[in-house]
Amino acid sequence: MNETPTQTPVTLESIAARKAELLQQIRQQKEAMNQITHEIFAPLAPATNKADAIMRSFNTGMAVFDGVMFGIKIMKRVRKLIGKR
């Protein structure tokens, strides 16, 4: 009933092998992260027609407008907090 699992002894070779395995995994993960980051921040392809160019301009303008409005709202809230002190 009281069986203890047998453990393999830890040696310098096993530690070195585990370290090499983990370094390989880290390198693979780093490469995957670099690839994903490159895909996310890659520049957009040029617009193929006039409709795409207009829609891209509209989307960019709306994003800028939304950012400005969000910034104004944040500034108002910060001023309210500072003003109450």
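The values are calculated or read from the model by the stated rules, or taken from the named source; none is laboratory data. If you're wondering where the values come from, they're calculated on a predicted model, not measured in any experiment. Cβ placement follows ideal geometry from the backbone for every residue including glycine, while neighbour counts extend to all protein chains displayed. SASA here: full protein model, heavy atoms, side chains in, ligands and nucleic acids out. Shrake-Rupley method; radii C 1.70, N 1.55, O 1.52, S 1.80 Å.
The sole residue among GLU31, GLU13, GLU21 that is at pLDDT 90 or above, acidic (Asp, Glu) and open to solvent by less than 100 Å² (accessible area, probe 1.4 Å) is GLU21.
The set of residues in segment 37-58 that are part of a helix (DSSP H, G or I), loosely packed, with under 10 Cβ neighbours inside 10 Å and either of a type outside the set (D, E, K, R) or modelled with pLDDT of 95 or more (or both) comprises HIS38, ILE40, PHE41, ALA51.
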